[in-house]
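We did not get these values from a lab; they are worked out from the coordinates using the rules stated. The structure presented is a predicted model; accordingly, all values stated were derived computationally and were not measured. When we count neighbours, we look across all protein chains shown, and the Cβ atoms used for this are built from the backbone with ideal geometry, even at glycine.
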Amino acid sequence: MLLALTCLVHTNARSDTPTTVLRLDLSASQADQVGALPEVVVVLKAPEHEDEVQGLMAALSGAAKLPRQAFQRGHALMLLSSGPMLDQPDRVSVQKLAIEHMQINLVVNHTRVRDAGMSLERNLPWRPLVKVRIPSDLAAGTYTVHVRWIVGASESDGAGAKRLPTHPPSVEQTTSFELRQ
């Protein structure tokens, strides 16, 4: 099953930027592919059909083999980050997206119910993928991308939610790309 949650994240340097969190269940039909996805960030040309999950997974799988990417300024680009394997009741939210001074910083918050001692009898593990449209009006130059996946309660849990212990970032990802005139 694929579940997509799209939200608008206000960045400090731009208007609202759409981000999407995709939920890739570790189902029998895709268990090998989803389980083998590396926890990486990649920047790529936005595909025509952004919801084509097989293409997104292939881009992530090949990310480690790619040299630093170079793109023509003005093309539609996408940042794609795969997070850690999670359990069925876990939640993911984009906490922060900042684009400034040739850096793109993304912070993704996720729960880890396993740490809270929750019973997981009929668990269906899943892997989150976060998609962010990169604004097409960025200046030419070399950009560094940093993504941090942080364990903690998600913002959508509300004020009365039980806060999970905060751990060091479970995943830190970095890449770079170049925009040419």
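Each other residue within a Cβ distance under 12 Å of Gln72 adds +1 if Lys or Arg and -1 if Asp or Glu, for a net charge of +2.
Full extension of the chain between Arg122 and Asn105 yields a length gain of 2.6 nm, computed as 0.36 nm times the residue separation minus the alpha carbon distance. Evaluating 6.51 cos²θ - 1.76 cosθ + 1.60 at θ = phi - 60° for every residue in the stretch 112-128, the Karplus couplings come out as 9, 4, 4, 5, 8, x, 5, 6, 10, 5, 10, 7, 10, x, 8, 10, x Hz, glycine and proline recorded as x. Amide H contacts for Leu77 (H built 1.01 Å from N in the peptide plane; partners 5 or more residues away or on another chain; cut-off under 5 Å): Ala46, Ile134. Distant-in-sequence amide contacts of Lys96, defined by a placed amide H-H separation under 5 Å and a gap of 5 or more residues or a different chain, comprise Val107. Averaging 1/r across all pairs of distinct Cα atoms in the stretch 50-94 and inverting the result yields a Kirkwood radius of 13.2 Å. Residues whose amide H lies under 5 Å from that of Ile104, counting only those 5 or more places away or on a different chain, are Thr144, Val145, His146; hydrogens are built 1.01 Å from N in the peptide plane. For the stretch 14-119, the pair-distance distribution built from all alpha carbon pairs, in bins 10 Å wide starting at 0, is 11, 40, 35, 12, 2 percent.
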